[in-house]
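Here's the structure we're looking at; comments come further down.
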Amino acid sequence: MNHNESRALYDRALSVIPGGVNSSVRATRPYPFFIDHGDGAYVVDADGNRYLDYVMGYGPLLYGHDPPDPVQAAVQSYASEGPMYGAPTEVEVELAEFVARHVPSVEMTRFVNSGTEATVSAVRLARGYTGREKIVVMQGGYHGAQESTLVEGDPEGAMPSSPGIPSSFAEHTIPVPFNDAGAVEDVFEAHGDDIAAVLTEPILGNTGIVHPVAGYHERLRELTDAHGALLIFDEVITGFRVGGLQCAQGKLGVTPDVTTFGKIVGGGFPVGAIGGRAEIIEEFTPAGEVFQSGTFSGHPVTMAAGYEYLNYAAENDVYDHVNRLADRLRRGITDILADRAPSYTVVGTDSMFKTVFTRRGAPVDGDSGSDADSEDHSLDVCEAGCRQRESCAKYDHCPKTGADVADAEAERWERIFWQEMQEREI
Ligand code: PMP
């Protein structure tokens, strides 16, 4: 495959865009391939190479790169008619009604422009509604690029996980291990009156994938209820994907107070949303006192795309179909693993999937599900450094570069699998 054009674009990008990309995860090594266009299940890069796309925009593209006709028609029509006004339109009401009809916890929704904006607003809402400041989050969870949740640590103390975040934010955030009910019980015992909310992905999707153990979310529900705190499910990934239109909360049978959405709910356009019981969501200005606002919020093109997207799913057998495809994918990868590297694991549910390149089996908490084993690119270091990977195999760490040999091996396998999947078209 020739990547000259991508490489040239990356070089140009590096001088005007930090790291050459507008979202850090896109900085794949040694350089990202720049996309020219999408085509069904495929993307075609700037050099004309065609790839089967397992990423699908990191989640929003339920229908691949060619959305159904009603979505395309609505997008064209709304884009040509304005495309935005800074005043309300009917289609945002339709989308909010749709969400309220289908998602168990939602009576009202405020639309914003990204998953990050949704979780920022949800945290502010929980603090404003309860008059408390502390937020409990899961180690290994991700809620976007926001100050209150970009933390590392444990119940004893948290630190910002990025420079630029005042440590005072982390002082109000309590990270706990996912699936450890005892840890949350202890935290409520110590800080119960100060906790505004427990914020968690119902299934950890950014690490892992980690499924809740039986009774875990039920226990979070009991504890938050007992202490007057809110339970917030971050369904930015799982929303309108796991559990279909009822989302993960419907599938798991636990109803949070507030739910954050993103990705699919905008039909491929920038979106976020905060939904929940009317009494809580109405705390947002102008109905209530918690400030929330946005020039592009409820953008007509996004709302129309989101509405037609979800409506199409409601009227067609979409979830059975995509879940069947994902099942086939998971089974296909499992077969390759059995063939080539039985110590690794495929995890996921519905249309979520991930191959975990560790030898520890399916992850049960955010820590064991960490991507660390497949990242930190030791192989690159080894290859670039001593170029004697074979002889490194007998060491834990490369004697020349100090690189972790198991990590390097995991990385090598990751590459081999992606290549095999493309070739076998799984
Ligand atoms: N919450 C979760 C669970 C996410 O996975 C993400 C992004 N992947 C976000 C929030 C942030 O969403 P966005 O990237 O749209 O800001």
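The gain in end-to-end length when the VAL21 to ASP186 segment is fully stretched comes to 55.2 nm, 0.36 nm per residue minus the alpha carbon separation.
Ranked from largest, the principal axis spans of the Cα set of region 55-128 equal 41, 34, 23 Å.
Values of log10 I(q)/I(0) for the chain across q = 0.09, 0.11 Å⁻¹ run -0.61, -0.92, by the Debye formula with one identical scatterer at each alpha carbon and no solvent. Site pair TRP418 and ASP320 shows an inter-label distance of 3.5 nm when each label is modelled 7 Å from Cα along Cα→Cβ. The value of relative contact order for region 13-110, using C-alpha pairs under 8 Å at least six residues apart, is 12 percent. Estimated from helical segments only, the mean residue ellipticity of the chain at 222 nm is -12000 deg cm²/dmol, where each DSSP H run of four or more residues counts as -39500 (n - 2.57).
Normalised by 2.2 N^0.38 Å, where N counts its residues, the alpha-carbon radius of gyration of region 1-53 equals 1.11. Modelled label positions at ALA338 and LEU52, each set 7 Å beyond Cα in the direction of Cβ, lie 1.8 nm from each other.
Once you reduce region 68-119 and region 207-255 to the center of their Cα atoms, the two points are 23 Å from each other.
Reducing region 259-312 and region 166-194 to their Cα centroids gives an inter-centroid distance of 28 Å. In the chain, taking the dipole from charged Cβ atoms about the Cα centre, the farthest positive-side position among GLY128, GLY59, GLY40 is held by GLY40. Build a GNM of the chain with springs between Cα atoms under 10 Å: which of LYS251, LYS134, LYS354 gets the top mean-square fluctuation? The residue with the greatest mean-square fluctuation here is LYS251. The magnitude of the dipole of the chain, with charges of +1 and -1 set on the Cβ of Lys/Arg and Asp/Glu and taken from the Cα centre, is near 800 debye. Here's how it looks for PHE284: its modeled amide H is under 5 Å from those of VAL290, which are all 5 or more places away or on a different chain.
The Rg/Rh ratio of region 69-315, with Rg taken over Cα atoms and Rh as the Kirkwood radius over Cα pairs, comes to 0.97. Please label the shape of region 158-289 as rounded, prolate or oblate, based on the square roots a ≥ b ≥ c of the eigenvalues of the alpha-carbon gyration tensor (a/c under 1.5 means rounded; beyond that, a/b larger than b/c means prolate, else oblate). Since a/c stays below 1.5, the shape of region 158-289 is classed as rounded. Judged by the mean number of other Cβ atoms found within 10 Å, the most tightly packed of the peptides 55-64, 331-340, 258-267 leads the ranking 258-267, 55-64, 331-340.
Overall, the ratio between the Cα radius of gyration of region 1-116 and 2.2 N^0.38 Å, rounded to two decimals, is 1.37. Residues whose amide H comes within less than 5 Å of that of ALA41, counting only those at least five positions distant or on another chain, are HIS65 (H built at 1.01 Å from N in the peptide plane). Note on the chain: with a GNM built from Cα contacts shorter than 10 Å, the maximum mean-square fluctuation among VAL25, VAL106, VAL356 falls on VAL25. Label point 7 Å out from ALA100 along Cα-to-Cβ: which residues of region 294-315 have amide N under 11 Å? Inside the label zone: nothing.
Every number here is computed from the coordinates shown, using simple stated rules; none is lab data. Note that the structure is predicted; figures quoted are calculated from it, not measured. No Cβ is skipped: glycine too gets one built from the backbone with ideal geometry, and neighbour counts run over all protein chains shown.
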